[in-house]
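A short write-up of the structure that comes next.
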Amino acid sequence: QVQLVESGGGLVQPGGSLRLSCAASTSILSISAMAWYRQAPGKQRELVAIISSGGSTNYASSLKGRFTISRDNANNTVYLQMNSLKPEDTAVYYCRANVPPQWYWGQGTQVTVSS
């Protein structure tokens, strides 16, 4: 069983930045991929970004250039740097990890972009 704990969410003004963190309860060297998803009210959960064990990244096309995913193997943590935030980025952001064959979810962290 892998536990994931997200942090770093909050209220930010449009144009601002936030960095989300996802701490894993096990060495992320044993995790083949980690990802961030988000779910806005009334909408389906969607993939934001994913990073492989080798560091390869992929992003939702609409977010590329504003969001950056990275991983710190020494601290078993994955980050999501979010810049130039817009009100439509408001959502609960979830961390997800793949320890084959299982996928695990974190509990989510709320991000609200509003003036």
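The values are calculated or read from the model by the stated rules, or taken from the named source; none is laboratory data. If you're wondering where the values come from, they're calculated on a predicted model, not measured in any experiment. Cβ atoms come from the backbone with ideal geometry, glycine included; neighbour counts cover every protein chain shown. We work out accessible area using only protein heavy atoms, side chains counted, and drop any ligands, DNA or RNA first. Shrake-Rupley method; radii C 1.70, N 1.55, O 1.52, S 1.80 Å.
Structure summary
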| quantity | calculated |
| --- | --- |
| Strands (runs of 3 or more DSSP E) wholly inside the range 3-115 containing at least 2 residues that are modelled with pLDDT of 95 or more, open to solvent by 20 Å² or more (accessible area, probe 1.4 Å) and out of contact with any strand residue (DSSP E or B) (no Cβ under 8 Å at 6 or more places or on another chain) | none |
| The range 38-73, residues that are of a type in the set (D, E, K, R) and closer than 20 Å to V92 by Cβ | R38, K43, R45, E46, R66 |
